[in-house]
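Report on the structure given below.
The values are calculated or read from the model by the stated rules, or taken from the named source; none is laboratory data. Since the model is a prediction, treat every value here as computed from it, not as a measurement. A quick note on method: Cβ atoms are made from the backbone with ideal geometry, for glycine too, and the neighbour counts reach across all protein chains shown.
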Amino acid sequence: MRTAYKVVAHIIAAAVVVQAALIAWAMFGLIPSLQSGTVPDEPPVAALMHGMIGMYAAPVLVLVLLVIALLAHAGLKWALWLLLAVAVQITLAFVAFDAAWVGLLHGANAFAIIALAEIGARAVAHAPEHVAGRKNVMRPAT
């Protein structure tokens, strides 16, 4: 289970990096058309992919991580912080459509998501092994 936690946490961090690359691709593709005075009829495909990863894949991955943390008895604190950060990220995305400056917070929070995912993976990798059913009792000397 700990290996599953680490893999999913790394996938979450990688998904955020992919989102950053997609939105950069979308913006750099959009700038020349705006400079020429044309406005596209629909958003760039890369921007749509950025949104789909953020709205669908990331929340599902975080919920999977939370379930794994519960089953592994490790990393629950980091999974909960990550769940909060992803919820904040989605909220910031919607608010940024009305107030563009909130997009700065959206971008900064992406770094927090990467950090929480990677710190959680490291914490689980170095957590003490949990032995179910074992009690720490004193044993008589032999």
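Below, the figures for the structure above:
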quantity: One residue from V60, V17 being in contact (Cβ under 8 Å) with a residue 12 or more places away in the chain, of a type outside the set (G, A, S) and part of a helix (DSSP H, G or I); calculated: V17
quantity: Check on A69, within 20 Å of T91 (Cα to Cα), under 18 Å from the mean Cα position of the chain (by Cα) and not β-branched (V, I, T); calculated: no
quantity: Residues satisfying the stated conditions in region 82-133, i.e. within 18 Å of V60 (Cα to Cα) and either acidic (D, E) or touching an Asp or Glu at 6+ places or on another chain (Cβ under 7 Å) (or both); calculated: E118
quantity: Qualifying residue in region 59-69 (condition: of a type in the set (G, A, S), out of contact with any strand residue (DSSP E or B) (no Cβ under 6 Å at 6 or more places or on another chain) and surrounded by fewer than 16 Cβ atoms within 10 Å (Cβ to Cβ)); calculated: no
quantity: Test set (1) crowded, with 16+ Cβ neighbours inside 10 Å; (2) in a helix (DSSP H, G or I) - A74 fails condition number; calculated: (2)
quantity: Qualifying positions in region 17-33 - in contact with a Pro (Cβ under 9 Å, 6 or more places away or on another chain) and surrounded by fewer than 16 Cβ atoms within 10 Å (Cβ to Cβ); calculated: M27, G29, S33
quantity: Residue match in region 130-137 (condition: part of a helix (DSSP H, G or I), more than 22 Å from Q19 (Cα to Cα), at pLDDT below 95 and hydrophobic (A, V, I, L, M, F, W, C)); calculated: no
